[in-house]
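The values are calculated or read from the model by the stated rules, or taken from the named source; none is laboratory data. No experiment lies behind these values; they were computed from the predicted model shown. Cβ coordinates were reconstructed from backbone atoms using ideal geometry, including for glycine residues, and neighbour counts include every protein chain displayed. Each accessible area value is taken on the protein alone, full model and side chains, heavy atoms only, with ligands, DNA and RNA left out. Shrake-Rupley method; radii C 1.70, N 1.55, O 1.52, S 1.80 Å.
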Amino acid sequence: CFKIQVYFYLESKPMKKISLILFSFIFHSGVFSQAVNIDFEASSPATYSTSNAVSGWTISSQTATCTNSNSWTPGSPEFSILATPIISVPYVGTISGSPLGGNNVARLNYTSANSSRTKLAQTFSVNSTNAVLCCAFATVLEGNNSHICCEATSYSFLFKDQAGNVMSCYTFSSSANPGCMPVGMTYTSTQGASWINWLVKYFDLSPFLNSIITLEVISTDCVNSDHFGTLFFDAQ
């Protein structure tokens, strides 16, 4: 995963005109098109409660239950953009800077246990410049053995095709219950919570070139309101 900077050195007016025409062609033809504000660097650190407050992304929320529901409320009372490092995170201490670089990361759900579920979503067209999506996340999941899988604190990454169907091979999720964690997933356990201070996952989207997909990132408290699940997220 990498970022590209393009520089034009203009030595004369004719050259300036040619360069501007060339840049306009590249921009409008979509050669450098990519997901909008995927790394949150275009958003100032702040609390964002409305659905479209963060450029390129949609924020929504619902009450956590064991029944999958497609009923989401626009916006969330527990979403913010934070500048790293983030200090005094329960169980973890300090969340360091994202391994993907930059200063800003998103936070879904806070450290109050109230059966909150927050979703962050972006829909974009896959092309040759963004066919590998890098996702970095840090998480704290309270209640290691307190609930069955569907009741426990959790997080998930969902990819959907342009018809809204879940691309199951790309779905990634985990809950605080050790029996519901992905094979090979390693957490640090502290006083009844499992946590990770940054992990990077890579999603190869090249089989879906020239198609539209949606990424949904979801963080969930336990359904009984006695444990919180919070997720820090970055992408590139």
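Some observations on this one:
- Residues located in segment 182-195, provided they are touching a Phe, Trp or Tyr at 6+ places or on another chain (Cβ under 6 Å) and either surrounded by fewer than 18 Cβ atoms within 10 Å (Cβ to Cβ) or among the acidic types (D, E) (or both): T188, T190
- Those residues of segment 226-236 which are open to solvent by 10 Å² or more (accessible area, probe 1.4 Å) and touching a Lys or Arg at 6+ places or on another chain (Cβ under 8 Å), in sequence order: Q236
- Output for segment 70-105, where each listed residue is open to solvent by less than 40 Å² (accessible area, probe 1.4 Å), in contact with a Phe, Trp or Tyr (Cβ under 6 Å, 6 or more places away or on another chain) and either touching a residue at least 60 places away in the same chain (Cβ under 8 Å) or more than 15 Å from T58 (Cα to Cα) (or both): V92, I95, N104, V105
- Within segment 157-181, the residues that satisfy the criterion of being in a strand (DSSP E or B), within 19 Å of F137 (Cα to Cα) and open to solvent by 30 Å² or more (accessible area, probe 1.4 Å) are L158, S173.
- One residue from N165, N224, N210 being of a type outside the set (V, I, T) and without any contact (Cβ under 8 Å) to a residue 24 or more places away in the chain: N165
- Just one residue in the set V132, V140, V223, V217 is β-branched (V, I, T), at pLDDT 90 or above and open to solvent by 40 Å² or more (accessible area, probe 1.4 Å); that residue is V132.
- Any hit, segment 196-212, residues being of a type in the set (K, R) and surrounded by fewer than 14 Cβ atoms within 10 Å (Cβ to Cβ): yes
- Contacts under 8 angstrom Cβ, first residue in segment 34-56 being farther than 14 Å from N104 by Cβ, partner hydroxyl-bearing (S, T, Y) and in a loop (DSSP other than H, G, I, E, B), 6 or more apart: Q34/T129; V36/S55; S49/S76
- Of all positions in segment 182-203, at least one carries a residue that is over 23 Å from T65 (Cα atoms), in contact with a strand residue (DSSP E or B) (Cβ under 8 Å, 6 or more places away or on another chain), in a strand (DSSP E or B) and of a type in the set (K, R).
- Residues of segment 180-190 include at least one that is under 22 Å from C149 (Cα atoms) and in contact with a helix residue (DSSP H, G or I) (Cβ under 8 Å, 6 or more places away or on another chain).
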